[in-house]
1. Mind computing the radius of gyration and Dmax over the alpha-carbon atoms of region 166-262? Å is fine for both.
2. Taking every pair of distinct Cα atoms and averaging 1/r, then inverting, what Kirkwood hydrodynamic radius in Å comes out for region 8-148?
3. If we count other beta carbons within 10 Å of each Cβ, what is the order of 171, 78, 261, fewest first?
4. Tell me the net charge near residue 371. Cut-off is 12 Å between Cβ atoms, residue 371 excluded, with +1 for each Lys or Arg and -1 for each Asp or Glu.
5. For the chain, go through all pairs of different Cα atoms, get the mean of 1/r, take its inverse, and jot down that Kirkwood value in Å.
6. What is the percent of Cα-Cα separations in region 92-155 that go past 20 Å?
7. Can you return the aspartates and glutamates within cross-link range of residue 23? Criterion is Cα-Cα under 19 Å, with same-chain partners fewer than 8 residues away left out.
8. To one decimal place, what orientation-averaged projected area in nm² is obtained for the convex hull of the Cα set of region 57-290?
Amino acid sequence: MSQKLKWIDEELQNLQDAGLYNKIRTLSSPQGAWLVVDGKHVLNFCSNNYLGLANHPRVINAAQQAMQQYGLGPGAVRTIAGTMDLHLQLEQRMAAFKRVEDAITFQSGFTANTGSIPALVGKGDMIFSDELNHASIIDGSRLSGATITRYNHADPADLQAKIESHAGTYRRGLIITDGVFSMDGDYPPLDKIADIAEAHDLMLMVDDAHGEGVLGEGGRGIVDHFKLHGRVDVEVGTFSKAFGVVGGVVAGNARIIEWLRQRGRPFLFSSAVTVPDVAATLAAVDILEESTELVDRLWANAAFFKQEMLNLGFDTGKTMTPITPVMLGDVTLAREFSRRLYEENVFAMALGFPTVPVGLARIRVMISATHSQEDLEQALQAFARVGRDLGVIG
Ligand SMILES: *Cc1c(COP(=O)(O)O)cnc(C)c1O
C-alpha cells in the first residue's frame, strides 16, 4: 500500500494531541444574533457580522435585483471581460465613502493583501510590520521578497528605532499595520505612525478589516477615525466583516490604485467577485452612508456589555472596540469556559496558543448591532454563572 500520504495522518494526529485540531461547526441558519449550530439554537458571539448586514433585507434584495439584470458570474478576470459597470460603481462608492482618491476591489481581504504588498515592494526593499499583523499581511509580505522587519505591537517608538537602525540598507520602504487587531480588539496610534512614515518618506499601509463599518464616522474606518485622509497611502479592507458580504478593497492614493490595476496579481489572474456580491456590497454602502444608526447601536451594545463584564469582575484586556476578549490565561480553562457557555446556549470562541501567546488564552466575544438588550443580558447571566462555577470571578 502506498505510504506517500501517511505523513498527513501523523500530522493530523499531532494536531489532535496538541489540542490544535480545528473542529468546524456547521450553521443551518442565516448569520444573526441567534444561530442554529449543529441543530442547536445559540446566541452568536463569534461572527464578524458587526452590523447585521449579512442577512439585511435591503442587501438581499439588491443582490436579487442585480441577478435579474446581470446574472451571476463575471465570466472573466477584471482585465479581460470581467469588469462590469457594477464593479466600477462599487470602487467609486468606496473611494467616496473612505474620503480618499480612488479604490480597487479584490476577491477578498486576503487577496487584497497578497495582491497589493508584492506590487509595492520587492527584493531589496523593506517592510516594517507590526508583530501581530494578520496572516494575509504576513503571506503578502513573504510573497513580495522584501526584507521583513517586525516592530513591537502598536509601538511607534520601536518602529522609529527599527527604521533608524536599518537606514540606508534598502531601496523602498513600507510600513504595514492592522487597523483593529482582532484578538485583542485594540488599534495602533495611527496618527503617530503616519508622522513617522512622513518623516522618513516611507509608504504607509493599514489593513482595516475589523475597523470598517466600526471605527470612524458612520464606520468609515481607522483612517477616518484619526482624520488621516490622504496621509495613509494604502487602506486595505474587506467586505466580509461589517459589510456582511465577501470581497476585498484597497482604497487610497490614486497612483497606487492605478498601479494595482496593472500589477495586482489576484486582480489580473483571478476572476472578479460575482454580481450578487457586488450589488449586495453596494447596498451595504448605501445603508452606512444613509445613517449611523447601526454603527451607533454596535458601540452602545459594546459599551453596555463591556461595562457589565467589568462590574462582574472579568478582565476584558486591551479592547478599544466592540471586540471583547475575556482574559482567562490558561487554555484549558478557556476551552472549558467556552464549552460551559455553549451548554447555556451562548456561542463564544476560546482562543489559545498559537492564535494568541501562551498564557493569554481567552474567550473572544464579538458584539453586534443585532444583539438585543435581552440577548446581552442573557449572555451576561451565562458568563456570571460559568465564571463563578469555574472560580474566575467571586
Ligand atoms: C479577516 C481579515 C482579513 C481577510 O479578509 P477576508 O475578506 O475574509 O479575506 C484580512 N486582514 C485582516 C486584518 C482580517 O482581520
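1. For region 166-262, the Cα-based Rg and Dmax read 13.7, 44 Å.
2. Evaluated on region 8-148, it is 19.4 Å.
3. Placing the least packed residue first, the sequence is 171, 261, 78.
4. -2
5. Answer for the chain: a Kirkwood hydrodynamic radius of 22.1 Å.
6. 37 percent
7. Within the straight-line limit of under 19 Å, residue 23 reaches these aspartates and glutamates: 9, 10, 11, 38, 336, 343.
8. Working: hull surface 46.4 nm².
Over all viewing directions, region 57-290 projects a mean Cα-hull area of 11.6 nm².
Since every read-out is calculated from the coordinates, none of them should be taken as a lab result. Predicted, not measured: the structure shown is a model, and the values here were computed from it. Neighbour counts are summed over all protein chains in view; Cβ atoms, including those assigned to glycine, are modelled from backbone coordinates with ideal geometry.
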